Structure formats: structure tokens, C-alpha cells
Amino acid sequence: IELGEIETALDVHQAVRQSVVVASGSSPDETRLVAYVSFHPGASATGSELRRFLRESLPEYMLPNIFVEIGQLPLTPNGKIDRKALPPPVDEQRHGEDTFVAPRTPAEQAIAAVWQEMLAVDRISMRDNFFELGGHSMLAAQMVARLARSHGYHVRLRSVTFETLEQIAAGAEQP
């Protein structure tokens, strides 16, 4: 993934003054793309809006998982962006304007538990999307198989790409 390409696409958005994208995670399977965004005065956009905007020009695997609004990007003495000085992303930042909604039904709880384990995410909201949390097609196939094997829920692989946990759980079938 070329992080500069993602930054260039983000910087085209009318509200974005400047952006930097970093890959965060302790292993390749846990890597998440985090976009730090500084907005023009008086302008703003939610993570969902920025993700929709980026979908028009970038493939799904290049979309940031978390968007962090930052007033001013930190600079080194040479005037370059100081990536080491960026604040660590916080789980709540991925929810943006949405509030956290805990899984309620057995299907929702089973799916959330599998996502937490596979994606190394502390909290899963009903409004979360597997790919936006850092999942990818290989993990999605493994997740569908694990749900069927360990919890007895059958989920269409295609639904994982576009639907939230809540929508997937509503369509999950149990024999």
C-alpha cells in the first residue's frame, strides 16, 4: 500500500487542509491504516464521509480504518511531518459521529467475539464494518468459517464486505 497515494486522495477533499496516513499495528495481521486529518478553518467531515469520498478513487484495501482529527500536524525542526509525534489512535475515534452500540443478541455477540479475536480490537459496535476495522478478504473468509464451525452461524461472505455487524447478524442463519 502506498500511503502517499491515500494522502493525496484525502487532500483532494474540500474540507481537508492536510493529511498523513500511517500503518499501525504490531503485526501484518493487525495492521490498520490510520488517517490523521487537519481541516480548513470552519470545515469538517466525519470519518464515514471521508471513507465514502475515498471509495470513489481508491480500492477497499486502501481505505483508512480510523480517522483522527488533529488541529495541526506535528512538524520536525526541518518542517516535515513528525510521524512519531502523532497521537496514538483511540478505539472511540473509529466510531466518529456514531455512538457505541453493544451487541445484544446471541448472533451479534458471537460475531463480535470472533471479530475481536481476529482483528485484535477491544470493542466492537453494532455499527462497525469488518473491513473498516482492518479486516481483509482472506480474514473475512476465515471469519465466516470460524462462525460456522464454532458458533453454528452461517453468514454470506458477500455481506461482510458492505454490511455492519448488526446487518450481518440479522441475516445470519443457524441450522
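The values are calculated or read from the model by the stated rules, or taken from the named source; none is laboratory data. Keep in mind that what you see is a predicted model, and the values were worked out from it rather than measured. Note that we place each Cβ from the backbone using ideal geometry, even for glycine, and neighbour counts take in every protein chain shown. Accessible surface is based on the protein model in full, side chains and every heavy atom, while ligands, DNA and RNA are left aside. Shrake-Rupley method; radii C 1.70, N 1.55, O 1.52, S 1.80 Å.
See the values below:
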{"read-out": "Cleavage-rule hits (GluC sites (Glu not before Pro)) in segment 16-80: DSSP loop, at most 15 neighbouring Cβ within 10 angstrom", "value": "Glu56"}
{"read-out": "Antiparallel bridge percentage (DSSP; both residues within the chain; nearest 5)", "value": "75"}
{"read-out": "In Å², nearest 10: area of Thr31 left accessible to a 1.4 Å probe", "value": "50"}
{"read-out": "Within the chain, helix-based [θ] at 222 nm, where runs of 4 or more DSSP H residues each add -39,500 (n - 2.57), nearest 500", "value": "-9000 deg cm²/dmol"}
{"read-out": "Helix 106-119 vs. the chain, principal-axis angle (Cα, 0 to 90°, nearest 10)", "value": "50"}
{"read-out": "Listed peptides 72-82, 122-132 by packing density, highest first (mean Cβ within 10 Å)", "value": "122-132, 72-82"}
{"read-out": "Residues Asp82 and Gln14, FRET efficiency given R0 of 30 Å [Cβ-Cβ distance, rounded to 0.05]", "value": "0.70"}
{"read-out": "Exposure of Ser57 as accessible area (Å², to 10), given a probe of 1.4 Å and all protein chains", "value": "80"}
{"read-out": "Accessible area in the full protein assembly, largest first, 1.4 Å probe, for Val144, Val34", "value": "Val144, Val34"}
{"read-out": "Where labels lie 7 Å past Cα in the beta-carbon direction, separation of Arg55 and Glu117 in nm", "value": "3.0"}
{"read-out": "Full-extension gain in nm, His154 to Leu75, via 0.36 nm per residue minus C-alpha separation", "value": "23.5 nm"}
{"read-out": "Phi to ³J(HN,Hα) by Karplus 6.51 cos²θ - 1.76 cosθ + 1.60 over segment 44-61, Hz, x for Gly, Pro", "value": "6, 7, 7, x, 5, 5, 5, 5, 4, 4, 5, 4, 5, 10, 10, x, 3, 5"}
